[in-house]
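The structure under discussion appears below in the form of structure tokens.
The values are calculated or read from the model by the stated rules, or taken from the named source; none is laboratory data. Here the structure is a predicted model, which means the values were calculated and not measured. We place every Cβ from the backbone using ideal geometry, glycine too, and count neighbours over all the protein chains shown.
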Amino acid sequence: MSGPAAKSAGTTEPKAAAASASPWRLAIEEFFASPVAVVGLVLLLGVVIIAVFAPWISPQNPYDLAQIDIMDGRQPPGTQSMEGLTFWLGSDDQGRDMLSAIFYGLRISLAVGVVSALVALALGTVMGMVAAFFGGWVDSLIMRIVDIQLSFPAILIALILIAVLGQGVDKVVIALITVQWAYYARTVRGTALVERRREYIEAATCLALSRPRILFRHLLPNCLPPLIVVATVQVAGAIALEATLSFLGLGLPITEPSLGLLIANGFEYLLSGKYWISFFPGIALLVTIVAINLVGDQLRDILNPRLKK
Amino acid sequence: MTVYLIRRLMQAGLVLAVMSVLVFLGVFAVGDPIEILISPEATQFEKEEARRALGLDLPLWQQYLVFLENAVQGDLGRSFVFNMPAIQVILMRFPATLELALVAMLWTVLFGVPLGLWAGLKPNSVSGKTIMAGSILGFSLPSFWVGLMLIMTFAVMLGWLPSTGRAEPVTMFGITSSLWTAKGWAHVMLPSVNLALGQIALVIRLTRAGVREAMLMDYVKFARAKGLTQRRVIGVHVMKNIMIPIVTVLGLELGSLIAFAVVTESIFAWPGMGKLIIDSINLLDRPIVVAYLMMTVFLVILINFAVDVLYSVLDPRVRLKDSGS
């Protein structure tokens, strides 16, 4: 399993800048050439805006007990609550407006996904660059750990960590970071190994620049394109895995209801035909993940010169 | 070859040893099972008595050594909840999980390979593009939500298939399985499809990439020039060459199917070991958690090892590259 991934990462090179326009500009123009990717980007922006502004745009605060009434429980979409609020997406068993609960859930799911992906990105990047730059036993050790970890299914590693660490937001984030860092480390190492032999690194070394400076100011920026692609896919993966863990009751606590927990709450009502409690949070999750993947797919096509003719 | 085998075997052993320490140490830190098992009214003396009976009063390293010594003999402790050997509790559930994983594997081969072949032969057709778009969905949809939607559609709305449980297993030709009856297949249908979707997407992508690459090769042109039918060129010449990576990945993914069965089993109340582990984590039934994790880790290592060895037998380039570096 390790062969093809390492190879494709290894041969990825930054796109040669065209003489006329800057490479960033070209990449942006190319991105907007695909209508599917633009739809993905628009959806993603919408999701992010909802997540960021959830407390201000939600019809009610679903976790303020003064605002919800258990008598409004399990109302189908479109009914009015006793206080005149319309439940556009129905209400759950506690009488919460599902639309508001989804907005808040998106906020938590996205936050957990993005934070864990960013920390994993930082950790994996440093490990991958150290492995590529120093080589020898450091490289062997780090990459062996990466190989071994990637040979286990992600959910199994997450289960071990949750069983070991217990439950809670911080523990879930730690589990997600542990699952993800190896992908970044492998990608960065592959790219860095190629970049390291280039003239600009030689030039920087001749100028007697310090090692950290060469690593982070010269090597790192040139390793970024494949990292960006991996990062988008990993954020989606992290959100899905967090939702899965929360659905199993092993993820976020009930006080931080992510989309996975909302779906789990509605599960028992699904069999009696009250589909909306599970269905709509699932759609929100789906839109988020698919939007990220659409954007990631297009980024991969743009940033991978092997697909260029 | 022997050197390669020994090296891989040592690596597998090391990983297993490290995992056993991690799992044991970690699970030890989760919580005190005594607080859960014994009624809160129990006196301090009764609690101490129970602690001693379960071996929880010993120092940590001693508990680990006892654990290791017993584990080597196939004894992973007694379940606090079932009051039975943990390994026995898990082995009782294992056939159900294996059955689910194997049926999912069947769907993966039955649908993944032909669809991937089609998409690879006609990459620019509408059908080919639809298959690829579908495979992106198969990858990115969280499997638990797909499971819920399957229940909603086929069990609640259409009422065609049962949503939960496994049919009573029947023994035939010495194999006990629920698949000998039509009712068994009805029950396994939704969970196995749910479990298989991600794998089908993966196999579609692999097959498509392999076919597209192989179709440009000289041997395909040669076979065509000989006047062979399209069916024979693809069915014999192309398939033979793309099957190695597909079979390898399928082998590796068996471990992942067994691990991901945790999710599917929880949704469909399938009485396998995946459902058991979730219950046991919540009940702090430490021996079961440890035994499940150790056994799944062992299975995954075993599968990886077997696939690696098989691969190096089939493809000498792998073996040569590895011993050269």
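Okay, residues lined up against (1) over 23 Å from B:ILE281 (Cβ atoms); (2) of a type in the set (Ser, Thr, Tyr); (3) out of contact with any Leu (no Cβ under 6 Å at 6 or more places or on another chain):
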residue	(1), (2), (3)
B:GLN62	yes, no, yes
B:LEU68	no, no, yes
B:ASP75	no, no, yes
B:SER79	no, yes, yes
B:VAL103	yes, no, yes
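From the list B:THR207, B:THR248, which one is more than 13 Å from every other protein chain (Cβ to nearest Cβ), of a type in the set (Val, Ile, Thr), under 29 Å from B:LEU299 (Cβ atoms) and assigned to a helix (DSSP H, G or I)?
B:THR207 is the lone residue from the list that is more than 13 Å from every other protein chain (Cβ to nearest Cβ), of a type in the set (Val, Ile, Thr), under 29 Å from B:LEU299 (Cβ atoms) and assigned to a helix (DSSP H, G or I).
In the list A:GLN180, A:GLN167, which residue meets the criterion of being more than 14 Å from chain B (Cβ to nearest Cβ) and either surrounded by 15 or more Cβ atoms within 10 Å (Cβ to Cβ) or touching a residue at least 12 places away in the same chain (Cβ under 8 Å) (or both)?
Details: A:GLN167 fails: more than 14 Å from chain B (Cβ to nearest Cβ).
It is A:GLN180.
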Are there any pairs with C-beta distances below 7 angstrom linking a residue in the range B:296-325 that is farther than 19 Å from A:ILE148 by Cβ to a residue that is loosely packed, with under 15 Cβ neighbours inside 10 Å and modelled with pLDDT of 70 or more, with the two at least 6 apart or on different chains, and if so which?
B:LEU314/B:ILE244; B:ASP315/B:ILE244; B:SER323/B:VAL3
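Filter the range A:198-212 for residues that are hydrophobic (A, V, I, L, M, F, W, C), assigned to a helix (DSSP H, G or I) and surrounded by 10 or more Cβ atoms within 10 Å (Cβ to Cβ) and give the result. Quick ask: steps written out before the conclusion?
So in the range A:198-212, the residues hydrophobic (A, V, I, L, M, F, W, C) come out as A:201, A:203-204, A:206-209.
Next cut, assigned to a helix (DSSP H, G or I) only: A:201, A:203-204, A:206.
Across the range A:198-212, the qualifying residues are A:ILE201, A:ALA203, A:ALA204.
Residue by residue, here is whether (1) polar (S, T, N, Q); (2) in contact with a strand residue (DSSP E or B) (Cβ under 6 Å, 6 or more places away or on another chain); (3) more than 9 Å from chain B (Cβ to nearest Cβ); (4) touching a residue at least 12 places away in the same chain (Cβ under 8 Å) holds:
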residue	(1), (2), (3), (4)
A:GLU202	no, no, yes, no
A:LEU241	no, no, no, yes
A:LEU252	no, no, yes, yes
A:ALA264	no, no, no, yes
A:GLU268	no, no, yes, no
A:LEU286	no, no, no, no
A:ILE292	no, no, no, yes
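Please verify whether B:PRO162 is without any contact (Cβ under 8 Å) to a residue 12 or more places away in the chain and within 12 Å of chain A (Cβ to nearest Cβ), treating the condition exactly as stated.
Numbers: without any contact (Cβ under 8 Å) to a residue 12 or more places away in the chain: no; within 12 Å of chain A (Cβ to nearest Cβ): yes.
Criteria not met by B:PRO162.
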Is at least one residue of the range A:213-236 within 30 Å of A:ASP93 (Cβ to Cβ) and assigned to a helix (DSSP H, G or I)?
yes
